[in-house]
Amino acid sequence: MKIVRLTTFLDFGGIEKRLINISTHHDKNEWLFCALNHGGNAEVAIKNNGKRVVCFNYSYKIPSFITLYKLILFFRKEKPEVVHTSGAEANFHGILAAKLARVPLIVGEEVGIPNQSKIVKIIFALIYYFADFIVGNSNQVINYLITENKVSKYKVKKIPNPVIFPVLHHVNKSDDNQFHIISVSRLEKIKNIESMLRVVCMLKELDINIFFSIVGEGKDANKLKKLAIELKIDNHVKFHGFQDDPYPFLLSADLYVLTSFTEGFSNSLAEAMYCGIPSLTTRVGSAEEMIIDNENGWIVNVNDDKDLCAKILHIIKMGNVKRTAIAERGKATIIKNYSLQNHINLLMKLYNK
């Protein structure tokens, strides 16, 4: 079976991370990973895993009729049995092109809770009509597809993101008596890193010895660095940029924090929990499917600095023994429910229908 996975970019981000994970799987199928536009980090990683990659460098603006036409020609040439698209631009162009190229099975995928206008919701309701299945990675995403994009509940399938379970090497934690918090995230507005920077300022004013590390890149990087200086916390914050291997950074932290306005399934949250790092997230996406508050992690309200600050204070004051016990239960949750093999099994069950 030839399977085409199409996304907008193959550089870095949540979708790209998931495709990298999938590309480590080897079976008798021919997997072809494609990007409407440019490649980058994910392109290199997928190639290193022995998979074929094509980055078209087409326009991804909706609609692009040239992109649509070229995709139709590509699908007709490749003759895949399955085309699986992920993300808005890839869904729009990929589903239509696959339908016009008469691909036998077409799967679209919504990767988060989009901010769609009424017109866009109607457009994607029409686009999804031409797909055989639409995948969501959390109950919230599934509910959005059904209620807002009017996708039939029989067509929608939930497939949680896969997590690779690498061998974790011991990392010595700092002995500087600071409480180290980390976020691994794209530096974009939707991730709401500003909230955590404001909370660092609040904790500093309470004489909490805290240090915040941020792993990731994005268009808001300079804006966030400027905000750290304005809040006079630049000595308590470090921007590490994008890292191919985030695990050493996660393992050196005392707490992982996700502050997003919206998410589908957070790969970095799952990776942090797998590391056995105490993890806190806003109430977004699959968070409440992964975490029971104060049992195997912590959940706070979205964009609520006071709630976030109070929860971090609670976590600090509970002590290392209780934090470690909660973190270990979080790790057990990830290992049980989010393996790569489980993800592949669900995909193949869908692809073989």
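No value in this document is a laboratory result; all are computed from the given coordinates. Bear in mind the structure is a predicted one, so any value in this text is a computation, not a measurement. Every residue, glycine among them, receives a Cβ derived from its backbone with ideal geometry; neighbour counts consider all protein chains shown.
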>> Restricting to DSSP loop positions (anything but H, G, I, E, B) with no more than 13 other Cβ atoms inside 10 Å of their own Cβ, which trypsin sites (Lys or Arg not before Pro) remain in the range 159-212?
In response: LYS173
>> Under the rule a/c < 1.5 gives rounded, and otherwise a/b versus b/c splits prolate from oblate, where does the range 1-111 land using the Cα gyration tensor?
In response: oblate
> Which value, in debye to the nearest 20, gives the size of the charge dipole of the range 204-353 about its Cα centre, when Lys and Arg are +1 and Asp and Glu are -1 at the Cβ?
Replying inline: 160
>> Quick check: pseudo-label points 7 Å beyond the Cα along Cα→Cβ at GLU148 and GLU81, how many nm apart are they?
In response: 3.5
> Pick from ILE334, ILE46, ILE66: which residue has the top mean-square fluctuation in a GNM of the chain where Cα pairs under 10 Å get a spring?
Replying inline: ILE66
>> Whole percent per 5 Å bin, from 0 to the bin with the longest distance: what is P(r) over all C-alpha pairs of the range 102-152?
In response: 5, 21, 33, 25, 11, 4, 0
> For the range 224-301, what is the convex hull (Cα atoms) projected area averaged across all directions, in square nanometres?
Replying inline: 5.9
>> Give me P(r) over the range 179-337, computed from all C-alpha to C-alpha distances, binned every 10 Å, as integer percentages.
In response: 11, 45, 37, 7, 0
>> Once you keep just the Cα pairs under 8 angstrom separated by 6 or more residues, what percentage relative contact order results for the chain?
In response: 14
>> Could you tell me the calculated FRET efficiency between LYS306 and ASN345, based on Cβ-Cβ distance and R0 = 56 angstrom, to the nearest 0.05?
In response: 0.85
> To the nearest 0.05, how large is the calculated FRET efficiency for MET1 and TYR69 if R₀ is 25 Å and r is the Cβ-Cβ distance?
Replying inline: 0.45
>> Under 20 Å between alpha carbons, and skipping anything fewer than 8 positions from LYS225 in its own chain: which aspartates and glutamates qualify?
In response: GLU188, GLU194, GLU205, GLU217, ASP234, ASP305
> For the range 263-319, what is one quarter of the convex hull surface built on the Cα atoms, given in nm²?
Replying inline: 3.8
> Restricting attention to the alpha-carbon atoms of the range 58-161, what are Rg (one decimal) and Dmax (integer), both in Å?
Replying inline: 13.1, 37
>> Counting each pair of different Cα atoms once, what's the Kirkwood radius of the chain in Å, rounded to one decimal?
In response: 21.1
> Which trypsin sites (Lys or Arg not before Pro) in the range 61-112 pass both tests, a DSSP loop state and at most 15 other beta-carbon atoms within 10 Å?
Replying inline: LYS61, ARG102
>> Just want to confirm a number: the relative contact order over the range 48-138, from Cα pairs under 8 angstrom separated by 6+ residues, in percent.
In response: 26
> When only alpha-carbon atoms count, how far does the range 210-249 stretch along each of its three principal axes, as whole angstroms with the largest first?
Replying inline: 30, 25, 8
> Mind checking which helices in the chain clear 15 Å along their axis (Cα) and have mean Kyte-Doolittle hydropathy of 1.6 or more, DSSP H runs only?
Replying inline: 118-129
